[in-house]
Amino acid sequence: MASASSLSTSSPSTPSPAGQSFRQRPWVRMAFPLVVAVVLAVLPLVLPEFANETVARIGVFAVAVLGLNVVMGYTGQVSLGQIFFLGVGAYVTAYGVQNDWNIVLVFVLACLIPAVAGLIVALAAARLGGLAIAMVTVALPIVGVPLAKRLSEFTGGSQGLSARFAETPEWTGLYDDQWQLYLVLVIGGVVFLLTRYLVRGKYGRAFAIVKGNENVASSMGISPYRYKVLAFTIASLIGGVSGFLYMLVIQYTSPETMSFGHSIELLAAMVIGGAGSIVGSILGGAWYVLVPQLTNAVDASLTALLQGAVLLIVLFVLPGGLASLPRVLARGRRRSGADRGPGAPPTTPSSTAGSGTAAEGSERERQGLA
Amino acid sequence: MNTHFRSRTARGVAVVSALALTLTACGREGDGGGEGGASASPGITDESVTLGITTPLSGATAGPGTCTVAGVKAYFGAKNAEGGVEFGDGKTRTVDIRALDDTYDPQQAKANYDQLKNEVFAMTAGLGTPTNRAWRDAAIADEVPQVLVMTGDPLFSDTDESPWQLGFVPIYQNEGEAFGELLASSTEEHKVAILSQNDDYGEGYVEGFKSAIEGADNIEVVEELTYEATDTSVDAQLTELANSGADVFFNAMSVTPLMISALQKAQQLNWKPSWFLPSNTSSPGAILEPGGAAAYPGIYSVSFAKAPASPAFAQDEDVQAYLAALKEHGDYQDPPAFPHCQWSWMVGATLEQAFAEMTEPTRENFMEALRGIEGFQAPLMLEGTSVTTSEDGQPAVSTLNVQKFNGKGYDTVESFG
């Protein structure tokens, strides 16, 4: 911090505006996604096996969190049932693979069936407002677990279903974990890209208005009901994709997969990653996978306690989620650097990143003025 | 300005490539060091062998889960203190245990397995059917032993289906059958009410029980109901069963709180039959005492392990050694509340038997040695029960004694009543 402040006083090019304009340069904007793509393409080849498996698992849950983000982070409808759609996707995949269906067909079904289920639930649930939707969605995992046990013809009962598929093709010369990670990266990457375009475009704006104020939305000719149903359906579809990936990586599903507790954990992961943020979804997935590993490494018999403590600390320090960390750091640096004191911008701790882009914009303006 | 940015970018590129190089260097080294000879499997050297466990250490199943680690840890902790375990190849190795928490989540169990598979010699003792099934296929593909695991699922004892697996505890059918046989040998007439969990667990018990009472004229099943493992109350079922006038209640229930409330509710209804409880929900301290089980004419369960709380075994040498080791090496300070602690101790003893027969430090050789144990009476085992691993389709322990609650612990009984 001290060096940063000395820098900013001694040289005209303070680090943070420099960073901003650096990011805005056109070639950087073009090159950045390319660099990410190259890194992601090379990473599976160089990482050790367990790291690959961990990254693949992160991918699975990042997609699940992304789905939750569409309905909750962007559209503001509390959903406690996301794990149900992951479970349905996983079961559809497992059933299809066990019956030797074409894998592309399995994938399509693993997307469509949860989406249809989500649509049906949403048609009823979206008529309700606020927490009532949460109460309806709570029912999904609670119904899902006994349902999976009862329909043992399709689900294998409480013993669950195993399915190994997507054997590594010979010509690739890859290890299984590398091949799996590539599949996760490609499928997950496409889902992330599509969702990014969705929430940045016309639909995203409509979602944001529905989240902000339903009456305003109605007055602008945006039907809150239809957009809530749409958001919920897309979330279910993405949940189905994550279920497919779950089977790809974990290769086993049982009623435990969709137990209610996991739904809450997903929700916590979304809030911690950053609600209404694409990057936040990835961080949420990382959280979901890495924190149990971390706490296991510290003390395997205290995992629940440690996870709770970490959760509280993060929410206390970063109410906007991990995705808000760069912003908080930038703010802190600016505050210590320029010593604005009380004139510092009224921080909005609850600023979810839906407003995050707006906050970023205003920061840019402020720096422009400074 | 421009040079400033360029240098930043260059530095970034340099850092990334350096990182990539380091990672390449440390990647794919999985075959392990050459310490234990060229052919040695991962997790074993001339001085030590590491075993992995993934089991629930937090959440609803943490109680029994903690026990599955404590027992085997205590067993090998005591052995290590004496210098180690002697292997069939003439070397003496210490046994290290690496246990990870899976919270009874299959996904986490698979993650734990992935983490451990290249560091440990074998996986063992983990509790739970879904959590063990989650990585069963992967263990077969990776040729990692998944042995003496705590699940009553018959799949793990099928050598063709599960070449790298072996279950430890009796399968559900074994337990139901043992009780059915005892009841069928009774000289009196009995009316039986059955309540079972609506899944393969409950079905397995009922299947075993019914096959044993088939053809016994003195036994009549008067009422049979089920409940869901997710139910929070079985009061309605109990009321209905109480009306049947049954004098024997076969309750295949795996949920600890439900079992306690069932024991209490039946008393409130003034229905006092003899009970049969599955081995994993029959703990005197954790279930029978809070449930007020003393009010019933008889509480029966099956077991193959000496109950340390029972006065009959208070002076037993095995039990004393076990309790001392559990405190000293197992990180388990209280008296063991679940039989899983004892089972896990026996797992340790069984593994030692297998180690003693191992002539090469490889996983293949270990599996071969493990499958060759016959009639081994592990410490803490009851008279008449033993470990036999050579029988296809049966877990390591398939013999059981029926026991009756005596107010403090259990006594083995030969006849009903």
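A few comments on the model shown:
- Prolate/oblate/rounded label for the range A:105-219 (Cα gyration tensor, a/c 1.5): oblate
- Calculated over the protein assembly as shown, the projected area of the Cα convex hull averaged across directions stands at 38.5 nm².
- Between the Cα long axis of helix B:200-213 and the first principal axis of chain B there is an angle of about 40°, rounded to the nearest 10.
- Taking max minus min of the alpha-carbon positions on each principal axis, the range A:47-260 gives extents of 58, 38, 28 Å, largest first.
- Cα-based shape type of the range B:173-303, given that a ≥ b ≥ c are square roots of the gyration tensor eigenvalues and the cut on a/c is 1.5: rounded
- Tilt relative to chain B, helix B:340-357 - C-alpha long axis, 0 to 90 degrees, to 10: 60 degrees
- Loop-resident sites, the range B:219-252, for GluC sites (Glu not before Pro), counting at most 16 other Cβ within 10 Å (DSSP): B:Glu228
- Here the label points at A:Val39 and B:Glu214, each 7 Å from Cα along the C-beta direction, are separated by 6.4 nm in the simple model.
- Inter-probe distance in nm under a simple model that places probes 7 Å from Cα toward Cβ, at A:Ser223 and A:Ile120: 2.1 nm
- Taking a straight Cα-Cα cut-off under 25 Å and skipping sequence neighbours fewer than 8 places away in the same chain, the lysines within cross-link reach of B:Lys191 are B:Lys210, B:Lys265, B:Lys272, B:Lys404.
- Using alpha-carbon coordinates, inclination of helix B:172-184 to the longest axis of chain B, degrees: 20 degrees
- Trypsin sites (Lys or Arg not before Pro) within the range A:106-177, DSSP loop, no more than 13 other Cβ atoms inside 10 Å: A:Arg127
Just so you know, all these numbers are worked out from the coordinates, no wet-lab data involved. None of the values given here were measured: they were computed from a predicted structure. Positions of Cβ are backbone-derived with ideal geometry, glycine not excepted, and every protein chain shown enters the neighbour counts.
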